[in-house]
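> The structure is given below, and queries will be raised subsequently.
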Amino acid sequence: MADEGEILICPDCAEPVPLPPVAQPGELVECPNCAGLTFRLLERGGTLTWMRVHRVSCPGSDAVVEVLDGTREGTVYHCGGTPYILTYAFGSYALERLAPPPQ
Ligand SMILES: [Zn+2]
């Protein structure tokens, strides 16, 4: 009810996560209790909501790819011009090189 700023409840630790004073859609917010757990703020139907963001390291470089929670397996990401396919196993996402390296 109040306009005290929206509170994001971390789905992992169930602790409230403070949002920036002027939270804008597109901003990234990290849970201070869960290392590496990040949320991206989104606007949906005029209200601010959020989605969990998974940070997936690219197997071919040190780059970290952001994957929104709920992204389907098989989605193709490009990193450094190389296509990688998204896989999901045991609760976490990973990237696998789409094509085998040339012999
Ligand atoms: Zn948390």
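> Which semi-axes, in whole Å and largest first, does the equivalent ellipsoid of the stretch 55-103 have when worked out from the alpha carbon gyration tensor as the square roots of 5 times its eigenvalues?
Its equivalent ellipsoid spans semi-axes of 18, 12, 9 Å.
> In the chain, how does Rg compare with the Kirkwood Rh, expressed as the Rg/Rh ratio over alpha carbon atoms?
Checking Rg against Rh, the ratio lands at 1.06.
> Ok, one more. Between beta-carbons, use under 11 Å as the cut-off and find the net charge around A89, counting Lys and Arg +1, Asp and Glu -1.
-2
> Which residues make up the longest stretch of the chain clear of GluC sites (Glu not before Pro) that lie in a DSSP loop with no more than 16 other Cβ atoms within 10 Å, not counting the sites?
28-72
> Note down the relative contact order for the chain as a percent, whole number, built from C-alpha pairs under 8 angstrom at least six residues apart.
Reported as a whole number, the value is 14 percent.
> Follow-up question, since we're still on this one. For the pair A99 and T47, how long in nm is the line joining their label points, each one 7 Å along Cα→Cβ?
The two pseudo-label positions are separated by 4.6 nm.
> Please list the non-local residues whose amide H lies under 5 Å from the amide H of E15, H modeled 1.01 Å from N, same-chain partners needing a gap of 5 or more.
The list, which skips near neighbours in sequence, is C10.
> Amide H to amide H under 5 Å from A63: which residues, 5+ apart in sequence or cross-chain, H placed 1.01 Å off N in plane?
C58
Rule-based calculations on the coordinates, nothing more; no lab input. As the structure is a prediction and not an experimental result, all values here were calculated from the model. Ideal geometry is used to build each Cβ from the backbone, glycine not excepted, and the neighbour counts take in all protein chains shown.
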